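**Q** Let me begin by handing over the structure; questions about it come next.
What follows draws every value from the coordinates through simple rules; no lab data is involved. This structure is a prediction, so every number in the text was calculated from the model and none was measured. Methodologically, a virtual Cβ is constructed for each residue, glycine included, from the backbone with ideal geometry; neighbour enumeration extends over all protein chains shown.
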Amino acid sequence: MSQIDYGETQAVFTPRPDLPPPAATVGVLGWVRANLVPNWFNAVITLVGLGVIYYIVSGLLTWAVFDAHFAGNSRQACKPNVNIVMDKVATTGILPDGTTLQLETTAARVAVPEGVSPNVRWERRIEPRPQRVAGGRYARVAVEEDHIIEGACWVFIFVRFDQFIYGFYPKDERWRPTVVIGVGLLLIFYMLTDGLPHRGRVAMFLLLPFPVIAYFMFSGGVLGLEYVSNDKWGGLLLTIIISSVAITGALPLGIALALGRRSVMPIIRWFCIVVIEFFRSVPMITILFMAMVVLPLFLPPGTVFDQLLRVLIGVTIFIAAYTAEVVRGGLQALPKGQYEAADALGLGYFKMMRLIILPQALRIMIPAIVSLFIGIFKDTTLVQIVGLNDLLTMMQLGVADAEWTGLSKEGYVVCGLIFFLFCFSMSRYSMYLERKLHTGH
Amino acid sequence: MSATDTELDVEVDQSKMKISDEIAIQITDMNKWYGSFHVLKDINLTVNQGERIVVCGPSGSGKSTLIRCINRLEEHQQGQILVDNVELSNDLKNIDAVRREVGMVFQHFNLFPHLTVLENCTLAPIWVRKMPKVEAEEIGMRFLETVRIPEQAHKFPGQLSGGQQQRVAIARSLCMNPRIMLFDEPTSALDPEMIKEVLEVMIQLAEQGMTMIVVTHEMGFARKVANRVIFMDAGEIVEQNEPEEFFNNPKSDRTQLFLSQILTH
């Protein structure tokens, strides 16, 4: 005989009060316990991880900060530091040429230059070759390989920075792009900030008159501004121009292609399919070469068709084709009911798309679209193969300069950082946008 | 398929619901195919202004398709559908005219998740009826009060329960001031506790004289509110009658079988 226990039933049901979770599972301590040292194995992994991080970060900091050269304006400023360690204790002194000698006690590693007291740490920058020291005599300083501490030469970046940013844009006219990009960034920031008035108008301004104003500011030739032909535009400026034109052009074009691909009208549908599939199936480099070589064939002979413009058209259509496929994915992800509800309210195709379908489809697709835009921002570096001088090209030209040869490490790090800054901002903004537009369903 | 018989403790006075002689919908010899599948066969149906019609039948009998033809969510291939004397054809102008006058409530609500409850209600009046925003919001709030959720106006649909969402969907349709309301299984996706709140709103609507065609398995609602019950099977209207007669004295053997299956649990 088994007895089933049905428990007790309250005659009047009152829900139990909510209790806080156990203390050990919340707060910093709870987090550390749950994530870093839940058991001995994970604790070991945590320790090893910390060790690896320390090794990498300390090495990086030594190169980039502690041993780096910041001051100066020529390659001379970036001679490696050499620590010469002497073997006897001596007092601090000043050599006839003004070099300070400081006390330090360690074992000797190198031959002591004549005239220098032993056992000092000579903190003067010298070269590993005979050098003139105190009293007009020459001393040979032998330096062991591992005592040449090579820090980063940021002097190169400082000296060349203007060219990284502006390319060969004339020095006296550089305020023009600076103003345009600055105002553009401010307006974009204004447009993207919640709760400010007239954001729609700012967006319209950015979309329509602004590019025209920007164009005339860049190229000049009007209102007494000096004409600057666009083969002089370069560096980060060019990178920003190409990517922002490509992005603002590709989004509407891509949406149009995506809608066209789903059209019931066969001619429109087939046209869009051909455009999308063609541009997606060809590498970007090929598109760039084709923009250079093939596009002029379609134009009346003698038309002078700007090189930059050709690149812009090619890149924009290329990205539009990708955007179209991403948007199409978003359209397909929307439940049929959304279309039906909009139809049933009598909205009509364009209002339905604008008010109901696209806002939702684009929201779903924000991560993918932003990935595309991050991709295009980085892909602008490919334009160097058709002879445009973007940021990366300007850096490489700098390294190719005999004075700065061998400093590609510094150049690539800075290029990387600049690209990272832009791409990471885009990525963060997209994450913010996703959170903001998430309406709990 | 499950039929529920939600206990409706509201008194419904059918004598107050006037049916006029004016014809709201006239369907003549209508046929529809999905590819080669003949889904609606020779449908003839006349609905007068002020009628409350419940359409029932087994799954796949074509009842949803029928009411979706009335606002052209589905296209019919043969026959004629007149809604308020406007013929539904490929003429987009006619389709838009009909859709402005016909409201629809779906099984899965189909609210616009990126808009607040109030914006869901004001969207069509503003963009289709070209109504000023302030006026549209006034009307929106009025109908949200009608469906008893004005306090949710500024929430998003995803934050509401199913029953609340369906009531918003009803309010959204009412904001367009439709002459006819179509309900496509409005309570099938709801928990039992929520079915009642939706049905009560629908009863309220019937009492105000709305012409309604309701596809539902809620037989209690049919008994109380409908003036006519239509039974469909295999794409045909098998039988239609007053609810009393329909439930107590079904004429077709197919109707008898259907009723015996859904009414004896």
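**Q** Considering only chain B, what is the antiparallel percent among its DSSP beta bridges, to the nearest 5?
**A** 55
**Q** For peptide B:156-162, how many partner chain Cβ atoms fall within 10 Å of a residue's Cβ, on average?
**A** Whole-number average of other-chain Cβ neighbours for B:156-162 is 2.
**Q** Over segment B:35-128, what relative contact order in percent results from Cα pairs under 8 Å that are six or more residues apart?
**A** 15
**Q** Then there's this: Provide a whole-number value for the mean count of partner chain Cβ atoms within 10 Å of the Cβ atoms in peptide B:105-112.
**A** 5
**Q** If packing is taken as the average number of other Cβ atoms within 10 Å across a peptide's residues, how do A:167-179, A:342-354 rank, most packed first?
**A** Per-residue Cβ counts within 10 Å, averaged per peptide and sorted highest first, yield A:342-354, A:167-179.
**Q** Using all Cα-Cα distances in segment A:1-67, what percent lands in each 10 angstrom bin from 0 up to the longest?
**A** Bin by bin from 0 Å, the calculated values are 15, 19, 18, 18, 13, 8, 6, 3, 0.
**Q** Taking just the alpha-carbon atoms of the protein assembly as shown, what radius of gyration and Dmax come out, in angstrom?
**A** 38.2, 128
**Q** Within a 10 angstrom radius of each residue's Cβ in B:163-174, how many Cβ atoms of other chains show up on average? Whole number is fine.
**A** That average works out to 1.
**Q** Highest mean first, how do A:10-21, B:174-185, B:13-24 rank when packing is the count of other Cβ atoms within 10 Å averaged over residues?
**A** Taking the mean over residues of other Cβ atoms within 10 Å, the ranking is B:174-185, B:13-24, A:10-21.
**Q** Sticking with this one: So, R0 is 22 Å and r is the distance between the beta-carbons of residue A:349 and residue A:273; what FRET efficiency does that work out to, to 0.05?
**A** Efficiency for this residue pair is about 0.65.
**Q** Nothing charged except the Cβ atoms of Lys and Arg (+1) and of Asp and Glu (-1): what's the magnitude of the dipole of the protein assembly as shown about its Cα centre? Round to the nearest 20 debye.
**A** Computed about the Cα centre, the dipole is about 2500 debye.
**Q** Would you mind checking which residues have amide H under 5 Å from residue B:228's amide H? H placed 1.01 Å from N; only 5 or more apart, or other chain.
**A** B:52, B:54
**Q** Determine the relative contact order of segment A:320-441: mean sequence separation of Cα pairs under 8 Å and six or more apart, normalised by residue count, in whole percent.
**A** 24
**Q** Once you order the gyration tensor axes a ≥ b ≥ c over the Cα atoms, which shape class does chain B get: rounded for a/c under 1.5, otherwise prolate or oblate by comparing a/b with b/c?
**A** oblate
**Q** Something else: Which is farthest toward the positive dipole end of segment A:176-296 among A:198, A:184, A:215, measuring Cα position about the Cα centre, with Cβ charges +1 (Lys, Arg) and -1 (Asp, Glu)?
**A** Comparing the listed Cα positions along the dipole, A:198 ranks first.
**Q** I would also like to ask the following. With θ set to phi - 60°, apply the Karplus curve 6.51 cos²θ - 1.76 cosθ + 1.60 along segment B:212-217 and write out the HN-Hα couplings as whole Hz, x wherever there is a Gly or Pro.
**A** 10, 10, 10, 8, 7, 9
**Q** If I model a spin label as a point 7 Å beyond the Cα along the Cα-Cβ vector, how far apart are those points for residue A:222 and residue A:54 in nm?
**A** Going by the 7 Å Cα→Cβ label model, 6.3 nm.
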